[in-house]
1. With springs connecting C-alpha atoms under 10 Å apart, model the chain as a Gaussian network and identify which of 105, 116, 59 has the largest mean-square fluctuation.
2. To the nearest 10 square angstrom, what accessible area does residue 172 show with a 1.4 Å probe?
3. Rounded to whole Hz and in sequence order, give me ³J(HN,Hα) for segment 176-185 from the Karplus expression 6.51 cos²θ - 1.76 cosθ + 1.60, θ = phi - 60°, writing x for Gly and Pro.
4. Taking only DSSP H segments of four or more residues, each worth -39500 (n - 2.57), what value at 222 nm results for the chain once the sum is divided by all its residues, to the nearest 500 deg cm²/dmol?
5. Please go through segment 194-228 and write out the trypsin sites (Lys or Arg not before Pro) that DSSP classes as loop and that have at most 16 other C-beta atoms within 10 Å.
6. Would the chain count as rounded, prolate or oblate if I go by the C-alpha gyration tensor, calling it rounded below 1.5 in a/c and otherwise prolate when a/b exceeds b/c, oblate otherwise?
7. Report, for the chain, the % of DSSP beta bridges that are antiparallel, rounded to 5.
Amino acid sequence: MSTRHAAVIGHPVTHSLSPAIHTAGFRSTGVDWDYSAIDVPPEGLAAFVSDLSRTTLHGLSVTMPHKNAICALVDEVDATSALLASANTVTIDETGRTRAHTTDGDGFCDALVEAGVSIDGSRFLVLGAGGAARSIVEALVRHRAGRVGVSNRTVDTARSLVETMGEPVTLVSAGFLADEVSNSDVLVNATNVGMGSRQTPLDCNLLRSDLVVVDIVYHPLETELLRRARAAGCATVDGLRMLIHQAVRQQVLWTGMRPDTTMMTEAARRALESRPVS
Ligand code: NAP
C-alpha cells in the first residue's frame, strides 16, 4: 500500500503546530502516513472538498476559518459536529466518502483526565463562547459535569451557547463573575486572551488555591493566567494538553492507531520554542 496523506487545511496555516505534532504521532505508531499544511482560502474550500476523492488525502484537520463551512460540504457529519455546526476533523474512506468529526471537546476532557481532574459532578466556569468553548461545553455536559457556567465578552453569544446546551449550562454575567469563580472547581480560559501576550482573561486576584485553572491557549505554554494561578497555589493544565489529545483522537479516526503523546508533546514544544511573545 502506498503512503497515505493527511493535512491541516485553514487560512492561514503557516504557524500551525499540527504538522509537527502529527508527523511525530505517525512516527510513533510506524504507520505509513505523512502530514502537511495546505492553505485553502474560504472561496476555494468547496472545490477543495469536492476534489478530495481524486487525491491521496485520507484525513484532514480543519482549522479557522473552515470549521463551520466544512459541515455543509462533506457527505456525513457526526452527531456532535451537527449539534455544534462545526468540525475539526474529516475522514476520507476508500470510496472517497467524507465524514466530519469533532475532537476538540473530547480532547479537552482527555487532558483533564490525564491531569487527574474529575469532570463528573464538578462545577466548571468557562470563559469564552467561541468555537473552542462550544466544543468544550458540549463535551463537559456529555461527561456529566455538575454545572457549567459560561461567561463571554459578547453576552448574546454566551446566551446562544447556553440555550443550545440546556441544563446544566448557565449564563454568567460579568457582575456575577467573582461569585461564580468562588463557587467553581475548575476555571477554563477558552478565549483568545493571553495568546502571544501577557494579558489575562480575568482579575487574577480572584484565584484561590483549591481552584483548578485550565488555559486552552498554548502560546506561551505558561500563559500569564497559568503563571498567576500557579503562584496562587492552583493546580494548572496548559493548552498543549488539549492540543495533543484532540490530535490523538484525529489519528485514531484516520488510522485506527493510538499515537504516543510524549513524542507528540516534545515535537510541539520544539516548534513552540522559536515563537516570540510580545
Ligand atoms: P473564536 O471562535 O474566535 O472565539 C474567541 C473567543 O475569545 C470568543 O469568546 C471571544 O469573545 C473571546 N475573546 C477574543 N478576544 C477577547 C478579548 N480581548 N476579551 C475577551 N474575550 C475575548 O476562537 P476559538 O476557536 O474559540 O479559539 C479560542 C482560543 O483557543 C484561541 O486562542 C485558540 O488558539 C485556542 N484553541 C486552543 C485549542 C487547543 O487545542 N489547545 C483548540 C482550539 C482553540 P467575543 O464572542 O466577545 O468575541
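The values are calculated or read from the model by the stated rules, or taken from the named source; none is laboratory data. These figures come from a predicted structure and were not determined experimentally. Cβ: placed from backbone, ideal geometry, glycine included. Neighbour counts: every protein chain shown. Quick note on the areas: whole protein, heavy atoms, side chains included, nothing else; ligands and nucleic acids left out. Shrake-Rupley method; radii C 1.70, N 1.55, O 1.52, S 1.80 Å.
1. Taking springs between Cα atoms under 10 Å, the residue moving most is 116.
2. Rounded to the nearest 10, that gives 10 Å².
3. In residue order, the calculated couplings are 9, 4, 4, 4, 5, 4, 6, 9, 10, 8 Hz.
4. Value at 222 nm, helices only: -11000 deg cm²/dmol.
5. Taking segment 194-228 and a limit of 16 other Cβ atoms within 10 Å, the loop trypsin sites (Lys or Arg not before Pro) found are 198, 208.
6. It is prolate, given that a/c is not under 1.5 and a/b is the larger ratio.
7. Counting only bridges with both partners in the chain, antiparallel ones make up about 20 percent.
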